[in-house]
Amino acid sequence: MGIGSPDRASGARMTTFDARPQAAIGSRPPGWLSSILVDGRAGDCDAVFPFHQRSALEPACVATARRFVDQTLTTWGVIEIAFDAQLVVSELVTNAMRHGGGAVQLRLLAHQAELACVVTDHSQTVPVAAAPDVFSEYGRGLRLVDALCTTWGWLIPGGPRKLVWAVLAG
């Protein structure tokens with residue numbers, strides 16, 4: 001088990017450590033993604049969808065995000081993971097709306113056989129996978145993300161925003 005990775009057996013929360021001054025992170029992202037998110041480098045296949053401030057809290061922005069995923073992955077020729085990527089993005093954008101003060105942007109990054117979905121929101125609140133509750137109406141989103149992705153986490157690069165990222169294998 002790596003630094004900051006969730007303990008799946010016990011369901012423990014993800015730990016936080018400093019990636020660099022004024023940056024906190026969940027699970028450590030793959031090196032290629034870290035160089036893009038932390039160092040600000042551009043990715044080879046890099047697509048950004050900015051949410052409009054007025055629509056960032058409306059449920060319709062989740063459908064808009066799913067369409068962006070479908071269109072982008074079709075353009076990139078990686079449609080085999082489009083359904084899983086749409087589910088992951090739906091959960092990340094919904095969490096940004098519910099717990100992060102609204103979604104700021106969605107960014108898709110492809111590198112070799114991996115796809116990263118990154119959602120920026122207006123909060124520094126760390127995402128927490130809720131304890132399973134069969135009677136709860138909400139709280140399964142991050143568990144779904146965890147099940148579909150090879151890794152996921154968050155990054156607080158400084159300022160009032162947070163990046164929540166998830167990596168799918170292609």
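The values are calculated or read from the model by the stated rules, or taken from the named source; none is laboratory data. Quick caveat: nothing in here was measured; it's all calculated off a predicted structure. We place every Cβ from the backbone using ideal geometry, glycine too, and count neighbours over all the protein chains shown.
One residue stands out in the range 40-62 among those that are assigned to a loop (DSSP other than H, G, I, E, B) and of a type in the set (A, V, I, L, M): the one that is modelled with the highest pLDDT, namely A42.
Being surrounded by fewer than 22 Cβ atoms within 10 Å (Cβ to Cβ) and either modelled with pLDDT of 90 or more or aromatic (F, W, Y) (or both) is the filter; apply it to the range 126-145 and report the residue that is nearest to the chain's Cα centre (by Cα). Top of the filtered list is Y138. The condition of being of a type outside the set (S, T, Y) and at pLDDT below 95 holds for only one of A65, A96, A82, that being A96.
Across the range 22-39, the number of residues qualifying as at pLDDT 75 or above and of a type outside the set (S, T, Y) comes to 10. Among the residues of the range 98-125, those that are of a type in the set (A, V, I, L, M, F, W, C) and either surrounded by 17 or more Cβ atoms within 10 Å (Cβ to Cβ) or under 16 Å from A60 (Cβ atoms) (or both) comprise A103, V104, L106, L108, L109, A110, L115, A116, C117, V118, V119. Residues that are free of Cβ contacts under 8 Å to residues at least 24 places away in the same chain and either crowded, with 20+ Cβ neighbours inside 10 Å or not hydroxyl-bearing (S, T, Y) (or both) within the range 59-97 comprise A60, A63, R67, D70, Q71, G77, I79, A82, F83, Q86, listed in sequence order.
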